[in-house]
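The structure appears below as structure tokens.
The values are calculated or read from the model by the stated rules, or taken from the named source; none is laboratory data. Small disclaimer: the values here were computed from a predicted structure and weren't measured. Neighbour counts are summed over all protein chains in view; Cβ atoms, including those assigned to glycine, are modelled from backbone coordinates with ideal geometry.
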Amino acid sequence: MRTPLVAALIAVSGAAQALDLAGVFADHMVLQRDVPLRIWGRAEPGQKVQVQLAGRSAEAMAGSDGRWRASLAPLKAGGPHRLQVSAGSEQRRLDDVLIGDVWVAAGQSNMEWRLADASDAAVAIAAAGAHPQIRHAKMPHRVSLQPQPDAPPLRWDVSGPATAGDFSAVAWHFARHVQADLNVPIGILNLSWGGTHVETWTSPRAAATDPDLADTMRAMPADAAAFVQRRRERLLERVRRFQGDEPADVAGADPRLDDRAWPTLNAPQVWEAQGLPGLDGKVWLRRHVTLTAAEAAGSATLHLGLVDDCDESFVNGQPVGQTCGWDTPRAYALPAGLLREGDNLVSVRVTDTGGDGGIHGPAANLRLDTAAGTKPLAGRWLARVESLLPVQEPGPNDLPGLLFNGMVSPFTPLAVRGVIWYQGETNAPRAARYAQAFPRLITDWRAQWRLPRLPFYFVQLSSYGPRPPQPDGSAFAELRDAQRQALALPATGMAVSIDVGDANDIHPRDKRTVGERLARIALARSYGKPMPFKGPTLRASHQLPDGSFELSFGDVAGGLSTRGGEPLRGFAVAGADRRFVPAQAVIVGKDRLRVWSDAVPRPAALRYAWADTPLEANLVDGDGLPASPWRSDRWPLSTRDIRPEF
């Protein structure tokens with residue numbers, strides 16, 4: 001087999017191109033059954049290449065660039081087989097190759113999350129040895145400004161106690177469920193990278209069709225050096241009003257500092273979404289708070305929500321705490337005597353080392369809790385850039401298409417059965433745009449693989465964040481609704497996961513439930529197995545004379561029910577004033593329920609599970625599959641004006 005050392009020696013010596021297979025081909029891999037199999041690689045230009053597998057054979061000729069591609073006739077599920085490739089006196093051999101179904105597992109951190117870090121990891125890993133026909137290959141993180149024709153050599157691992165801990169947890173549970181039902185080998189090609197946007201997974205050609213990205217795509221730099229130069233020039237132009245002509249040290253914690261001319265940034269909101277993409281460095285944020293004598297008396301607690309990445313926080317010039325960790329809530333105790341009647345200054349020195357930066361998270365988590373009540377701190381903060389980090393080569397979210405080029409493009413010739421996808425948390429601040437961006441990605445990938453109905457099954461975002469009593473202004477709810485709208489595309493399916501989320505952790509540990517719900521979709525939609533897989537789906541609603549709503553549902557295997565048999569919860573109604581209040585709801589038939597609120601006699605809108613963390617929403621079918629969040633209104637979304645910044 002080829003090794004990196006052999007390849008390096010060939011390049012240094014200037015020898016003829018050695019026979020090589022593309023990086024995806026390795027011992028223990030799974031190849032797609034029942035379709036022509038494309039095998040490709042490199043050889044000396046003009047050389048004839050012969051490929052043999054399981055009694056099938058094919059020939060190809062290496063082109064002037066040394067690239068060759070052969071096509072084998074379809075094979076039924078089975079193995080193990082030996083794949084042999086020869087050209088002249090050279091041979092390459094892969095052993096323990098299985099024929100089965102290959103699924104691409106892609107997205108951000110919740111897809112990348114390892115089995116070893118999920119709940120019940122010890123039990124799952126111990127059982128992994130019973131599933132040797134599950135194979136997993138992880139593509140290393142890689143960005144590229146140009147589509148890459150090949151991947152580095154991948155390692156296909158056989159499911160077992162020594163290997164499965166490093167598998168994608170969602171993908172492993174998906175594969176285990178499917179493989180157990182079908183008894184065919186399942187290969188998982190893991191293309192995932194935490195914290196990544198949908199735009200970076202979309203091909204440059206498809207991204208260019210987005211009006212919000214068209215100018216960016218026309219100005220795409222040709223190489224990393226051009227990117228760095230352009231990014232620095234644009235960054236200096238954007239931050240000039242926050243720093244003057246050059247960054248300078250600033251005593252940002254000093255209450256005596258005259259900050260009246262400082263510009264402002266909104267918090268909580270990352271500054272990349274406020275016209276400052278690519279700003280990595282140190283930024284001072286200051287907020288003046290006027291307190292009464294009662295509010296200033298006694299001790300208090302400063303809540304800063306989440307800060308990406310590190311903060312050094314001060315009140316009236318005194319340090320009160322510092323933390324590093326983009327997803328760690330900040331809460332700093334203030335001793336009695338630190339606050340005073342009148343003007344008080346909260347200063348936060350934010351250090352961002354890459355990706356998003358600034359104070360973020362729910363607005364309710366940004367506040368000052370005093371002895372006499374709470375002072376909200378969300379809103380405009382004075383801002384000054386202290387220093388900038390050197391501009392680095394492109395990261396995954398710096399431009400559209402970078403992960404498609406580096407991590408997806410190499411595999412589009414590979415025959416696959418479908419895609420499972422878990423992504424969207426990073427796009428939540430601009431959730432309204434996801435309603436176009438996500439279908440664009442699905443259509444794009446189908447075009448890239450030349451499979452117009454490539455199955456594409458995805459996870460609707462889990463619960464995470466605050467639990468407000470009223471369902472409005474939720475970016476996660478708006479993102480979930482955008483995901484639901486993608487079901488209008490053929491051959492798609494959505495696994496609802498609001499019931500297995502974690503209000504305090506964006507990475508819920510229950511990956512088994514998510515993987516198994518994706519497997520249900522695949523078994524029903526791709527393999528024709530008769531089983532429930534959707535959960536209750538709203539079919540129709542109408543308003544009764546008494547102001548209540550009657551709703552009818554489809555996909556109610558066993559009839560409508562509630563999780564744990566508890567009273568029905570999660571509904572809210574609003575009148576023409578658009579102020580939502582919790583509503584009562586009861587099941588009135590196998591597929592019907594009624595919703596009302598005595599506080600809203602003339603309701604204009606109805607919503608279900610419309611919140612960042614709707615863990616109380618409990619409508620399920622007889623199999624326990626939850627209903628998806630939805631809304632009846634078409635009132636403007638809170639994220640409607642947030643556009644991507646690159």
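Looking at the structure I just gave you, is LEU285 buried (at least 21 other Cβ atoms within 10 Å of the Cβ), assigned by TED's automatic domain parsing to the domain that holds LEU382 and of a type outside the set (Phe, Trp, Tyr)?
When the stated conditions are applied, LEU285 passes them.
Exactly one condition in (1) in contact with a Ser or Thr (Cβ under 9 Å, 6 or more places away or on another chain); (2) buried (at least 22 other Cβ atoms within 10 Å of the Cβ); (3) farther than 21 Å from LEU441 by Cα is not met by THR196; state its number.
Against the list (1) in contact with a Ser or Thr (Cβ under 9 Å, 6 or more places away or on another chain); (2) buried (at least 22 other Cβ atoms within 10 Å of the Cβ); (3) farther than 21 Å from LEU441 by Cα, THR196 comes up short only on (3).
To keep it simple, each residue is scored yes or no on (1) more than 27 Å from GLN460 (Cα to Cα); (2) within 24 Å of the chain's Cα centre (by Cα); (3) in a helix (DSSP H, G or I).
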position	(1), (2), (3)
ILE99	yes, no, no
ALA116	no, yes, yes
ILE125	no, no, yes
ALA128	no, no, yes
HIS136	no, yes, no
PRO140	no, yes, no
GLN146	yes, yes, no
ALA162	yes, no, no
VAL170	no, yes, yes
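Identify all residues within segment 469-500 that are assigned to a loop (DSSP other than H, G, I, E, B) and either surrounded by fewer than 20 Cβ atoms within 10 Å (Cβ to Cβ) or modelled with pLDDT of 95 or more (or both); write none if there are none.
Selection gives PRO469, GLN470, ASP472, GLY473, LEU489, PRO490, ALA491, VAL496, SER497.
Give segment 45-59 a look and list any residue that's of a type outside the set (Ser, Thr, Tyr) and assigned to a strand (DSSP E or B), or say none.
Restricting attention to segment 45-59, the residues satisfying the condition of being of a type outside the set (Ser, Thr, Tyr) are 45-56, 58-59.
LYS48, VAL49, GLN50, VAL51, GLN52, LEU53, ARG56, ALA58, GLU59, listed by residue number.
What's the number of the only condition in (1) surrounded by fewer than 16 Cβ atoms within 10 Å (Cβ to Cβ); (2) more than 30 Å from the chain's Cα centre (by Cα) that GLY554 fails to meet?
Unmet condition: (2).
Return the only residue of GLY337, GLY355, GLY321 being at positive phi and modelled with pLDDT under 95.
Numbers: GLY337 fails: modelled with pLDDT under 95; GLY321 fails: modelled with pLDDT under 95.
The conditions single out GLY355.
With respect to ARG446, is the statement that it is among the charged types (D, E, K, R) and either touching a helix residue (DSSP H, G or I) at 6+ places or on another chain (Cβ under 7 Å) or closer than 23 Å to ALA627 by Cα (or both) true? Can you show your working first?
On the way: among the charged types (D, E, K, R): yes; either touching a helix residue (DSSP H, G or I) at 6+ places or on another chain (Cβ under 7 Å) or closer than 23 Å to ALA627 by Cα (or both): no.
No: the conditions fail for ARG446.
For segment 565-580, enumerate the residues that are among the hydrophobic types (A, V, I, L, M, F, W, C), farther than 11 Å from PHE549 by Cβ and buried (at least 17 other Cβ atoms within 10 Å of the Cβ).
Correct list: LEU568, ALA572, ALA574, PHE580.
Name the residues in segment 353-408 that are free of Cβ contacts under 8 Å to residues at least 24 places away in the same chain and either of a type outside the set (Ser, Thr, Tyr) or not assigned by TED's automatic domain parsing to the domain that holds THR328 (or both), would you?
Of everything in segment 353-408, those that are free of Cβ contacts under 8 Å to residues at least 24 places away in the same chain and either of a type outside the set (Ser, Thr, Tyr) or not assigned by TED's automatic domain parsing to the domain that holds THR328 (or both) turn out to be PRO376, PRO390.
Looking at segment 206-235 only, could you name the residues that are free of Cβ contacts under 8 Å to residues at least 12 places away in the same chain and of a type outside the set (Asp, Glu)?
Those that are free of Cβ contacts under 8 Å to residues at least 12 places away in the same chain and of a type outside the set (Asp, Glu): ALA208, PRO211, ALA214, ARG218, ALA219, ALA225, ALA226, GLN229, ARG230.
Tell me which residues, restricted to segment 60-97, are without any contact (Cβ under 8 Å) to a residue 24 or more places away in the chain and in a loop (DSSP other than H, G, I, E, B).
GLY63, SER64, ASP65, SER89, listed by residue number.
Could you tell me which of the residues PRO601, PRO644 is loosely packed, with under 15 Cβ neighbours inside 10 Å and not in a strand (DSSP E or B)?
PRO601
Return the total of residues in segment 263-279 being in contact with a Phe, Trp or Tyr (Cβ under 8 Å, 6 or more places away or on another chain) and not aliphatic (A, V, I, L, M).
Count: 4.
Hey, ASN190 hits all of (1) in a helix (DSSP H, G or I); (2) among the polar types (S, T, N, Q); (3) touching a strand residue (DSSP E or B) at 6+ places or on another chain (Cβ under 8 Å) but one; which does it fall short on?
(1)
May I ask you to list the residues in segment 202-258 that are within 23 Å of the chain's Cα centre (by Cα), buried (at least 17 other Cβ atoms within 10 Å of the Cβ) and in a loop (DSSP other than H, G, I, E, B)?
Result: THR202, SER203, ALA208, ASP210, ASP212, LEU213.
Determine if segment 59-68 includes at least one residue that is surrounded by 14 or more Cβ atoms within 10 Å (Cβ to Cβ) and among the basic types (Lys, Arg).
yes
Can you confirm whether ALA105 is in contact (Cβ under 8 Å) with a residue 12 or more places away in the chain and either within 30 Å of GLN392 (Cβ to Cβ) or in the same structural domain as LEU182 (by TED's automatic domain parsing) (or both)?
In short, yes.
Working only within segment 381-438, note down all residues that are touching a helix residue (DSSP H, G or I) at 6+ places or on another chain (Cβ under 8 Å), among the hydrophobic types (A, V, I, L, M, F, W, C) and part of a loop (DSSP other than H, G, I, E, B).
VAL391, LEU399
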